[in-house]
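Notes for the one structure printed next.
Here, each number is a calculation from the coordinates, and none is a lab measurement. Keep in mind the model is a prediction, meaning the values are calculated, not measured. Here Cβ is always computed from backbone atoms with ideal geometry, including for glycine, and neighbour counts include all displayed protein chains.
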Amino acid sequence: MTKLKTQSLHKRESALAQSKRQLEILSNGIFQNGELPKFKDKIAETNQFPLKAKKLEILQINVGYMCNQVCEHCHVDAGPDRQEIMTKETMKQCLEVIKNTGAHTLDLTGGAPEMNPNFRWFVEEASKAGVQDFIVRSNLTIIKANKKYYDLPEFFKKHNVHVVSSMPHWTKGKTDKQRGDGVFDKSIQALQDLNAIGYGMPDSSLRLDLVYNPSGAFLPSDQVSMEKDFKKALMEDFGIHFHNLFAITNLPISRFLDYLIASENYEDYMYQLVDAYNPAAVANVMCTNTLSVSWDGYLYDCDFNQMLELPVNSKVKHISDYNEELLEGRNIVISQHCYGCTAGAGSSCQGTVA
Amino acid sequence: MFKTYYDPKDLKKFGNISEWNEELGAKFFDYYAKVFEEGALSAREKSLIALAVAHTIQCPYCIDAYTGDGLQRGITKEEMMEALHVAGAIRGGASLVHGVQMMNKVNKLDG
């Protein structure tokens, strides 16, 4: 078993830290020699090219790449060594948009969003806008990382935040292999803390959902079956409740791409994704109803495009120039990583789409 | 002449067997799909049975397919190995239980 790295690709000065290098890999080799079709050509077969942005439903804001964990498959290349953090000024620009957007969901992500020094202020202000669904993607261990975070469950409750947390498996071995030693035990404690104040309990309005992504070079199974297995195991072993499980496919970028190449699984994985291509999933991919805002305020079709530094194809590039009407109908920027969102039942930050 | 009897890429071509007998091929794959649906046994349990059987019949394609299927379903390596030991126990037991026949014969001829 390979030992989990403790530094980001950026800190290690890996060639794969550069988005340009990742995009080269995704466009060359099996996609250049015609072994596999490019995503653009694949969706053109069913007249779905170009993909167009529909009405905005989800505004996803990445408040920084700093994280207390260094997960093996992180598409953000997040970690304690990342310094990219959203400033209060950019947050204020985001708040102007949040107040006026027609989007029903606000989705805060990172890194560990809670590590942004202005996180609590931002949540307090954003919650005043009355967005229907206010998500914070919490890695759970942050709640147990330092006493200054111990009250996060109460803070989330106070602002009616919908907590969405990663949990790659219901066993310690598989979870710690992907997310680091001790992550499983801390995650269980954090889930118990959240349950104790009502999060995830049956009939509770305090939403607690888990995100499952595979621990290796394979695709997720059926989301409904996985949810059943997670619920059974977490209840029997730890008495834990949660609402829904979102099954997410690992996209071949950043640290997961690094893992695929190092483990000599890259080509087989791309074959798996292309073999499992589902045109029905294309119609509902998240980039068509989501907008991703980076820590420095730039706009992307999704969090993955943000990490690949593929900005929106629009005159509007930055949150300070935000214009929902101008952004609607834009052509979505695609590459071969997009196969990750169209495999099988599809994949998005809200789970399957088909 | 091929240097090996098995090529992993052939697994993806399994469906091609219908090309030479469409009716029976279709019936087989319909049956196959139905067998693995959730029923009195869960799809997860069926996957583990398939993995154990795959090792019993020593089918490289099946081992490849049901190891991957198990991982996708969240089946742990400990569960997989236990399933294999069930296969091994039955297979070993099948040899050893015939020892009774041997003992009967020895006892009759030389007891």
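Quote the FRET efficiency, to the nearest 0.05, computed for residue A:92 versus residue A:236 with a Förster distance R0 of 45 Å and r equal to the Cβ-Cβ distance.
Here the calculated transfer efficiency is 0.45.
Could you give me D for the stretch A:15-341, from Stokes-Einstein at 37 °C and 0.692 mPa s, where the hydrodynamic radius is the Kirkwood radius over C-alpha pairs? Units µm² s⁻¹, please.
161
Can you give the FRET efficiency for residue B:27 and residue A:296, using 1/(1 + (r/R0)^6), R0 = 56 Å, r = Cβ-Cβ distance, to the nearest 0.05?
Efficiency for this residue pair is about 0.40.
What distance in nm separates the two pseudo spin-label positions at residue A:30 and residue A:268, each 7 Å out from Cα along the beta-carbon direction?
In this crude spin-label approximation the distance works out to 1.1 nm.
Using alpha carbon centroids, what distance separates the stretch A:111-178 and the stretch A:37-78, in Å?
Computed from Cα coordinates, the inter-centre distance equals 21 Å.
Mind checking the mean number of beta-carbon atoms from other chains within 10 Å of the Cβ atoms in A:168-176?
Whole-number average of other-chain Cβ neighbours for A:168-176 is 2.
Could you sort B:37-44, A:287-294 so that the peptide with the highest average Cβ count within 10 Å comes first and the rest follow in order?
A:287-294, B:37-44
Using only helices, what value at 222 nm comes out for chain A when you add -39,500 (n - 2.57) per DSSP H run of length 4 or more and divide by the total residues, to the nearest 500 deg cm²/dmol?
Roughly -9500 deg cm²/dmol at 222 nm, from the helical runs in chain A.
Only helices at least 24 Å long along their own axis, judged from Cα atoms, and with Kyte-Doolittle mean hydropathy of 0.0 or greater: name those in chain B from DSSP H.
B:77-97
Step through the residues of the stretch A:299-305 one at a time and calculate ³J(HN,Hα) from phi using the Karplus curve (6.51 cos²θ - 1.76 cosθ + 1.60, θ = phi - 60°), rounding each to whole Hz and writing x for Gly and Pro.
Computed from phi, the couplings for the stretch A:299-305 are 10, 9, 5, 7, 5, 5, 5 Hz.
Beyond 15 Å, what share of the Cα-Cα pairs of the stretch A:112-211 remains, rounded to the nearest whole percent?
In whole percent, the long-distance tail amounts to 61.
Just tell me how shielded A:225-237 is by partners: mean number of partner chain Cβ atoms within 10 Å of each residue's Cβ, no decimals.
Partner-chain Cβ atoms within 10 Å, mean over residues of A:225-237: 2.
Taking Cα centroids, how far is the stretch A:186-200 from the stretch B:1-63 in Å?
The stretch A:186-200 and the stretch B:1-63 have Cα centres spaced 42 Å from each other.
Give the calculated FRET efficiency between residue A:197 and residue B:3 to the nearest 0.05, with a Förster radius of 51 Å applied to their Cβ-Cβ distance.
The calculated FRET efficiency here is 0.20.
From the C-alpha coordinates alone, can you work out the Kirkwood hydrodynamic radius of the stretch A:49-103, in Å?
It is 13.7 Å.
Here are some pairs, A:92/A:128; A:99/A:186; A:5/A:172; which of them have Cα atoms lying more than 25 Å apart in this structure?
Exceeds cut-off: A:99/A:186.
If one puts a single equal scatterer on every Cα of the stretch B:1-87 and applies the Debye formula without solvent, what log₁₀ I(q)/I(0) results at q = 0.21, 0.26 Å⁻¹?
The Cα Debye sum returns log10 ratios of -1.11, -1.30.
Based on DSSP, what percent of beta bridges with both residues in chain A are antiparallel, to the nearest 5?
Once the DSSP bridges in chain A are tallied, antiparallel ones form about 25 percent.
If packing is taken as the average number of other Cβ atoms within 10 Å across a peptide's residues, how do A:18-27, A:105-114 rank, most packed first?
Result, highest mean Cβ count within 10 Å first: A:105-114, A:18-27.
If you count, for every residue in B:64-73, the Cβ atoms of partner chains within 10 Å of its Cβ, what is the mean?
Rounded to a whole number, the mean comes out at 4.
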